[in-house]
1. Scanning for something of a type outside the set (S, T, Y) and not in a loop (DSSP other than H, G, I, E, B), does the range 172-183 turn up at least one residue?
2. Mind telling me which of the residues G77, G56, G67 ends up being over 16 Å from Y126 (Cα atoms) and away from the ligand (no atom under 16 Å from the Cβ)?
3. Would you point out which residue out of V143, V122, V166 is among the β-branched types (V, I, T), surrounded by fewer than 16 Cβ atoms within 10 Å (Cβ to Cβ) and more than 21 Å from M1 (Cβ to Cβ)?
Amino acid sequence: MRVDVVSIFPGYLDALDLSLVGKARRDGVLDLRVHDLRDWTTDRHRTVDDTPFGGGAGMVMRPDVWGRALDDVLGEGGSGRTVLVLPTPSGERLTQRSVEDLATADRLVIACGRYEGIDARVADHYAGAEAPEVREISLGDYVLNGGEVAALVVVEAVARLLPGVVGNPESLVEESHGTGSKGGLLEYPVYTKPAEWAGRPVPDVLLSGHHGKVARWRRDQALERTVRRRPDLIEALEPAELDRGDRAV
Ligand code: 6GU
């Protein structure tokens, strides 16, 4: 997959050299390119923003600079499905479901806004075209200073779904928010050695060697945790889906 990130702080994306994402890049699974938006400015001060029409606080990013940048970057790609990702606190919530959808694209272009955001005509302009698909996404109900952290989140969440990035694909199956057979619940708690630490023993059932009892216990823990921490996730589940998960243990 090819991913382009455009930002006025390209250094923010340096972390994508590390860990599994860094390895995916070196292995050629992920072709990630980071661009400096100011490369598409035309004035001596390399201006990317201006005051908002209608008044109000802060600055708005200029559509002409973004338009030149995105036309160039989008034009570099080959054929295939391209999604233009616009991180914004007023976007749709990013979920594992939307991450799975983004992971099926051939190409992502992530445009990181700063200040009070990007002139709204940019999203409308590209959404009005045949391609790319445009997705305005938000990480959650809080405010960040710009889209760079969201770009880090999208790249990491998508990259680990690409074939060959996570060593053991089984580890993708049981995780919290997975949409597979155990989907919809938070993950059960996990333990390793030593069997007792700080006066706290590991639950006996995990040392029993009884796979059926371990599976039942984990399912119960996942349910209990989800009810307590994320009742909204239980509400969102079809009762049949809950039953199916229970019969699977
Ligand atoms: Cl994607 N951007 C900004 N600036 N703030 C956010 C966000 C995105 N998601 C949550 N808060």
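1. Yes, the conditions are met somewhere in the range 172-183.
2. Working: G77 fails: over 16 Å from Y126 (Cα atoms); G67 fails: over 16 Å from Y126 (Cα atoms).
Criteria check complete, one pass: G56.
3. Details: V122 fails: surrounded by fewer than 16 Cβ atoms within 10 Å (Cβ to Cβ); V166 fails: more than 21 Å from M1 (Cβ to Cβ).
So the residue among V143, V122, V166 that is among the β-branched types (V, I, T), surrounded by fewer than 16 Cβ atoms within 10 Å (Cβ to Cβ) and more than 21 Å from M1 (Cβ to Cβ) is V143.
One line per residue, one yes/no per condition, for (1) assigned to a strand (DSSP E or B); (2) away from the ligand (no atom under 13 Å from the Cβ); (3) over 30 Å from D246 (Cα atoms); (4) not assigned by TED's automatic domain parsing to the domain that holds D49:
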{"position": "A105", "(1), (2), (3), (4)": "no, yes, yes, no"}
{"position": "D124", "(1), (2), (3), (4)": "no, yes, yes, no"}
{"position": "A129", "(1), (2), (3), (4)": "no, yes, yes, no"}
{"position": "V134", "(1), (2), (3), (4)": "yes, yes, yes, no"}
{"position": "D141", "(1), (2), (3), (4)": "no, no, yes, no"}
{"position": "V149", "(1), (2), (3), (4)": "no, no, yes, no"}
{"position": "V154", "(1), (2), (3), (4)": "no, no, yes, no"}
{"position": "L185", "(1), (2), (3), (4)": "no, yes, no, yes"}
{"position": "P189", "(1), (2), (3), (4)": "no, yes, no, yes"}
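Rundown of residues vs (1) out of contact with any helix residue (DSSP H, G or I) (no Cβ under 8 Å at 6 or more places or on another chain); (2) surrounded by 10 or more Cβ atoms within 10 Å (Cβ to Cβ); (3) among the aliphatic types (A, V, I, L, M), yes/no style:
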residue	(1), (2), (3)
Y188	no, yes, no
E196	yes, no, no
V214	no, yes, yes
R244	yes, yes, no
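The values are calculated or read from the model by the stated rules, or taken from the named source; none is laboratory data. From a predicted model like this one, the values you see are computed outputs, not experimental measurements. Cβ sites come from the backbone with ideal geometry, for glycine too, and all protein chains shown count toward neighbours.
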